[in-house]
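The values are calculated or read from the model by the stated rules, or taken from the named source; none is laboratory data. Keep in mind that this is a model prediction, so the values were computed, not measured. Virtual Cβ from ideal backbone geometry, glycine too; neighbours counted across all protein chains shown. These area figures cover heavy atoms from the full protein model, side chains too; ligands, DNA and RNA do not enter into them. Shrake-Rupley method; radii C 1.70, N 1.55, O 1.52, S 1.80 Å.
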Amino acid sequence: MIIKDLHSINEAIRDKEVRVIGADGVMIGIMSSREAQALANEADLDLVKISPNAVPPVCKIMDYSKFKYEQAKRDKENRKNQTVVEIKEIRLSMTIDVGDIAVKTKQCLKFLEAGNKVKVSIRMKGRENARSYQGVKVMNDFFEGLEGKAVQDKKPTTEGRNITMILSPVKS
């Protein structure tokens with residue numbers, strides 16, 4: 001894994017004046033970058049520009065390799081803890097039968113228990129467009145069949161030839 005160097009260090013700092021923070025986190029003060037570099041060399045540490053946009057820029061005396069290692073460790077931990085929510089889709093039809101709705105409901109519950117969001121959609125064909133209210137009724141019946149295990153993020157809405165509804169799992 002490669003971390004981009006976002007910080008200027010040691011001789012790469014070319015500013016006239018910098019605000020210096022010591023290795024212990026205490027503010028030392030404003031001084032020339034040469035003086036700050038001399039202080040860092042005395043402590044056998046690096047001078048790292050932390051806030052380049054501040055006036056004057058803020059630099060800290062620290063062990064840069066240790067800082068990069070800890071940063072990489074923190075980033076790895078954050079990536080491990082984040083969860084990716086997928087959106088699964090279930091397609092219904094305006095003339096779906098009760099048995100078919102039961103199968104689709106069972107599949108939807110599997111998706112919700114896995115922690116995914118579910119997009120339920122109906123594609124209207126031909127004359128079904130004139131009766132979009134029937135599709136919305138099918139969607140509402142489908143939602144009632146989930147027995148409170150889902151929350152509607154987006155209520156059933158007609159968008160052109162499609163009726164869509166988005167469900168997410170109930171937080172326990």
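A few points about this structure:
- Computed accessible area, residue 69, all protein chains, 1.4 angstrom probe, square angstrom: 140 Å²
- Accessible area per residue, Å², the chain with all protein chains present, probe 1.4 Å: 68 Å²
- Rg over Rh for the range 1-100 works out to 1.46, both radii taken from alpha-carbon positions and Rh defined as the Kirkwood radius.
- Furthest towards positive pole of dipole, 6, 55, 134, structure part the chain, Cβ charges: 134
- Where both bridge residues fall in the chain, DSSP classifies roughly 75% of the beta bridges as antiparallel.
- Sites matching GluC sites (Glu not before Pro) across the range 15-88 that sit in DSSP coil, with at most 14 neighbouring C-beta atoms within 10 Å: 86
- Ranked order, 105, 158 - accessible area, probe 1.4 Å, largest first: 158, 105
- Correct choice for Kirkwood radius over Cα pairs in Å that was computed from the model, options [x] 21.0; [y] 17.7; [z] 16.7: [x]
- Carbon plus sulfur fraction of accessible area for the range 1-80, probe 1.4 Å, in percent: 51 percent
- Full-extension gain in nm, residue 82 to residue 98, via 0.36 nm per residue minus C-alpha separation: 1.9 nm
- Residue 144 accessible area, assembled protein chains, probe 1.4 Å, Å²: 130 Å²
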